[in-house]
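Step one of this worksheet: look at the structure below.
Computed from the coordinates by the stated procedures, all read-outs in this text should not be read as laboratory data. From a predicted model like this one, the values you see are computed outputs, not experimental measurements. All Cβ positions, glycine included, derive from the backbone under ideal geometry; neighbour counts span all protein chains shown.
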């Protein structure tokens, strides 16, 4: 049993405990400080808090990790959002001459929300998710992560579970943080293939030539398609569902399907399609040999390709939910996702605040007592206790993930410094 | 201070060569000569007329298409400051080009909207002129402006051959072999990245020599943007000159036209009137939004902005707006409390009562069409641009537009851009009193990227692209519909 029952009403009791003993402040500060390379980077960062009774406060900023801790422990925010690094301290923005207070840098972010897929998922809708449709998130992460790394050359992408129905990506490379609004918008457009609102039936339109990015993305989709769409979502399982698929086909292909239907009957068409046989028969291939027919790919993409909200990624000053923030409706912590174990990630196994608070009360194991002895001499009491605390809970492995991520960034920074100072020793 | 152009010619070619070494320029250095007021005014007005033509052509036609180029070739104010193919060394034209650009900077640097407009048109003009350059002049231009983009080796080209060919429509195997490819950081080639027209790897794009124009344009945009910001800061000094102030104001208002932020009819609309008004006098996009709001008791952010500002433009007061939105949202999943906390703020923001207190202006058609396209679950946007042709046809039918009006498509008709609030006002004028028919301007959807690429056996009706006679026909039908309703 990995989730204690969570009740939103108990947040006022759980949050103080969370912020006092579990929230990984040291790692959090290490992250946002980015090695202290740029002066005042942490101090000029905007945070926003949503407090009890939906009170929302913006332009929060802090001088040190300690100040951040004290404030959060005092306010016990229900939600925490991270904004941009500004030209001045956000909490003093009113004292700055109008026009001079500017958002300068921020991580490049992406927000994938399951509700954007409502037109193509049959198992759930709205804020609900289930293991069947969660595959969409897996596909999204694989496709986007590959593109951000291989195509754009970004190396530090932190993927985080949003706490309810989606995932966020924080691209933390220096080059990413310095991107302009236009650049962010261009990156988001490059990554967008599904376009159109309720009024658009055919949301993916491909034409020659097929860009390598699309080919790569399709490879990922094809890996998951049979299991996810044909079996899980059963997109050919009912007349209604089949009609939705057929609505995406060009007219002459529809004509073909109608002909087959007349000859073989409804069920045969569905099962043929399901086995991709129809699409692979010589007859069919002959008919579709005409250039420009990519409907098979378009259908798969429309059902599976990631749908991102360009507006979230565009703005340098856009505020996004912070990692390790609590989701008030579900109680789940926004934890980093381990890409090495991506297919095994289960959003329903993510620890809730009630669970980890409960785990805090459990008696120490022998193992932990030994650890404690070792650390006794190294750090001051408060920190020691904090380190012990989250390690005792299900939160531990996620903080470790975060640590690894931060280590990699630190390593990169060192590499940059060496490169720039020309001290790289290739042949000792 | 008067200084006649005749005297300028005496100064001699050496200086002019230095100043205008190339027929095309980035406008890096401001002019330092003196000119007469009348020349000041003529230069500015001529260039403005040119830019307005550029704007109109840019919405009617794809900017790199032959039709667009032909139309711009024929533009009357172009020869005054441009030489085709950079053929000759005409000093007077280069001078006019230079000076007129800087004058317009003064007029268009003041607000975000003006700057954005000016930059967009200048870029489009620059693109047209750059594409006109013969290739040796391109190399010269790059050199002249210190743009160092490095070419990739033959080995690397071989390795990347497949990827290069599949990334770009214009690139074939022989192109890769024969031409130079430049490796450019992706931040310098955003337009190509955005539209996926280029091979991108490790943060670099690989561009064939002939596509360097896009890179150059980005550079131009960045420089111009920075320059305008600087100009805005030194503007007070210029504006204090009484001779210039009226002219500069006139120039910038000539573009903006009416922005419908000053509502003469404020408070004259009651909430009960909104439903019937939506059927009679709303343009299609707003009707759709209103419908969506009534049906699902909710609209997403994009829809709230577009519709909310429109309502402000037709005369709703802040209190009325709050009442209107609250009563609708409360019927849905939002309780009054939550509405006051989450949504009321943004409505007050629209009216300039929160945050930096900007009194936002209702969106023009250009803005609706070009910014923030709708995605899944959204209701905003322009139905003539963003909707499926079939659905649009059905919708127009249900609003009783005649079938012949709908089926006319593909014709090359000119039109003038409009504003949803203008549609409303014209329509109200018509219903309120006698007079000429309402002009139904219909937006043309001509962006090939959004059209389905496969041709159908019969002509598929497309989003409105209506020649004059048909527009008149639709007008008639809509008139009678208004009378019947």
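Find the relative contact order for segment A:298-350 and round it to a whole percent, using C-alpha pairs within less than 8 Å whose residues are 6+ positions apart. Each step should come with its number before you reach the end.
Details: 21 pairs, mean separation 10.0, N = 53.
About 19 percent, as a whole number.
In percent, rounded to a whole number, the relative contact order of segment A:45-150 is 20, using alpha-carbon pairs under 8 Å and six or more apart. Note on segment B:16-160: semi-axes of the ellipsoid equivalent to its C-alpha gyration tensor, largest first and rounded to whole Å, are 28, 20, 16.
Shape class of segment A:114-193 from the alpha-carbon gyration tensor: prolate, with a/c at 1.5 or above and a/b greater than b/c. The listed peptides B:227-236, B:56-65, ordered by packing as a protection proxy, come out as B:56-65, B:227-236 (highest mean of other Cβ atoms within 10 Å first).
Using only atoms on other chains, find how many Cβ atoms lie within 10 Å of each Cβ of peptide A:145-154 and report the average.
Numbers: counts 0, 0, 1, 0, 1, 4, 10, 7, 7, 2.
Per-residue shielding by partner chains comes out at 3.
Residue ranges A:333-342, A:150-159 sort as A:150-159, A:333-342 when ordered by packing (mean number of other C-beta atoms within 10 Å per residue, highest first). Can you bin segment A:304-353 into rounded, prolate or oblate? Criterion: square roots of the alpha carbon gyration tensor eigenvalues sorted a ≥ b ≥ c, rounded for a/c under 1.5, prolate for a/b above b/c, oblate for the rest. Oblate is the answer for segment A:304-353, as a/c is 1.5 or above yet b/c matches or exceeds a/b.
For segment B:59-145, the relative contact order is 26 percent, taking Cα pairs closer than 8 Å that sit 6 or more residues apart in sequence and dividing their mean separation by the residue count.
Placing a label point 7 Å from the Cα of residue A:130 along the Cα-to-Cβ direction, the residues of segment A:207-247 whose backbone N falls under 11 Å of that point are A:232-234. Take each residue of peptide A:205-216, count the partner chain Cβ atoms within 10 Å of its Cβ, and average: the result is 5. An oblate overall shape is assigned to segment A:70-113, the ratio a/c of its alpha-carbon gyration tensor axes (a ≥ b ≥ c) being 1.5 or greater and a/b not exceeding b/c.
Gain on full extension, evaluated as 0.36 nm per residue between residue B:42 and residue B:225 minus their Cα-Cα distance, stands at 63.4 nm. Scattering from segment B:272-392 was approximated by placing one identical point on each alpha carbon and applying the Debye formula without solvent; log10 I(q)/I(0) at 0.12, 0.19 1/Å stands at -0.42, -1.10.
Could you work out the mean count of beta carbons from other protein chains within 10 Å of each residue's beta carbon in B:197-204?
5
Taking the square roots of 5 times each eigenvalue of the Cα gyration tensor of segment A:60-182, largest first, gives ellipsoid semi-axes of 32, 20, 14 Å.
Hey, what's the per residue convex hull volume over the C-alpha atoms of segment A:1-124, in cubic angstrom?
Values: hull volume 22.9 nm³, N = 124.
Hull volume over Cα atoms, normalised by residue count, gives 184 Å³.
Packing around the peptides B:107-116, A:219-228, taken as the average count of other Cβ atoms within 10 Å per residue, puts them in this order, highest first: B:107-116, A:219-228. When both segment A:12-28 and segment B:176-227 are represented by their alpha-carbon centers, they are found 47 Å apart. Segment A:37-89 and segment B:80-109 have their alpha-carbon centroids 50 Å apart.
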